[in-house]
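The values are calculated or read from the model by the stated rules, or taken from the named source; none is laboratory data. Nothing here was measured: the structure is a model prediction, and the numbers come from that model. Here the Cβ positions follow ideal geometry from the backbone for every residue, glycine too, while neighbour counts run over all protein chains shown.
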Amino acid sequence: MGVYFWGSYALGLWAWAVRQHAEPARTGHAAWLKVSRTAAGLVMLLVGMLAWWLEPRVRMAVAFAVAALLIAVPGTWLTGQALGPSRWRSAVQNLSLVSYAVFLSHFGVSLAVSATVAWHWPRALWANALGMGVSVLLSLLAGAALHRWVAQAAPTGRRLLAWTTVFGASVVLAMA
């Protein structure tokens, strides 16, 4: 795996650890994790500079900037308390609940929409723009469905058998 993966993963993990353990009045955590945000920022800066030196990429700089922002912002920004009750807060919370399921499903959905648009309207700019919007909407819908019917569903023997069967069938189809 590349430097970007490990560098961005390390930065994200570090930002999470700092948020969890550098907060005042935290108890029950390992003493070595209780660091100041300044010290954490310096360590993160070193990791970011090392990753940039090994393999300079814009996306690494973006990962560094996001990790720095996650460490620097007040805690109320991350919990949504600063927004107060609103429709936007509710919408963002709902999106955050399904975000992993959207991540899992978006590539396949986008690939299918892109293939359909490229097949029917290969040179039409309007169709490609519309296809991107449709892809986003379908990805959100697929993620919401995956979250509701898979992630939140109670585990049962019947569900295990069904998913094992689907997985086995997909392996057989992939090998054929």
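From the list G108, G143, pick out the single residue that is under 28 Å from A15 (Cα atoms) and either touching a helix residue (DSSP H, G or I) at 6+ places or on another chain (Cβ under 9 Å) or not hydroxyl-bearing (S, T, Y) (or both).
G143
Scanning the stretch 1-16 for residues that are within 18 Å of the chain's Cα centre (by Cα) and crowded, with 16+ Cβ neighbours inside 10 Å, which turns out modelled with the lowest pLDDT?
So the residue we want is G7.
Restricting to the stretch 67-93, name every residue that is in contact (Cβ under 8 Å) with a residue 12 or more places away in the chain, loosely packed, with under 14 Cβ neighbours inside 10 Å and of a type in the set (V, I, T).
Of the residues in the stretch 67-93, the ones in contact (Cβ under 8 Å) with a residue 12 or more places away in the chain are 67-68, 70-72, 75, 78, 80, 92-93.
Within this subset, residues satisfying the condition of being loosely packed, with under 14 Cβ neighbours inside 10 Å are 72, 75, 78, 92-93.
Selection gives V92 alone.
Output the residue which, of all residues in the stretch 148-162 that are hydrophobic (A, V, I, L, M, F, W, C) and outside any helix (DSSP H, G or I), is modelled with the highest pLDDT.
A154
Here are some residues: A127, A145, A169. Which one is loosely packed, with under 12 Cβ neighbours inside 10 Å and in a helix (DSSP H, G or I)?
Step by step, each of A127, A145, A169 is checked, and only A169 is loosely packed, with under 12 Cβ neighbours inside 10 Å and in a helix (DSSP H, G or I).
Among the residues of the stretch 94-107, write down those that are surrounded by 11 or more Cβ atoms within 10 Å (Cβ to Cβ) and either in contact with a Pro (Cβ under 7 Å, 6 or more places away or on another chain) or polar (S, T, N, Q) (or both). I'd like the intermediate steps shown before the answer.
Of all residues in the stretch 94-107, those surrounded by 11 or more Cβ atoms within 10 Å (Cβ to Cβ) come to 94-95, 97-106.
Scanning the stretch 94-107 gives N94, S99, S105.
What number of residues in the stretch 110-169 are closer than 24 Å to A91 by Cβ and basic (K, R)?
Looking only at that region, the number is 1.
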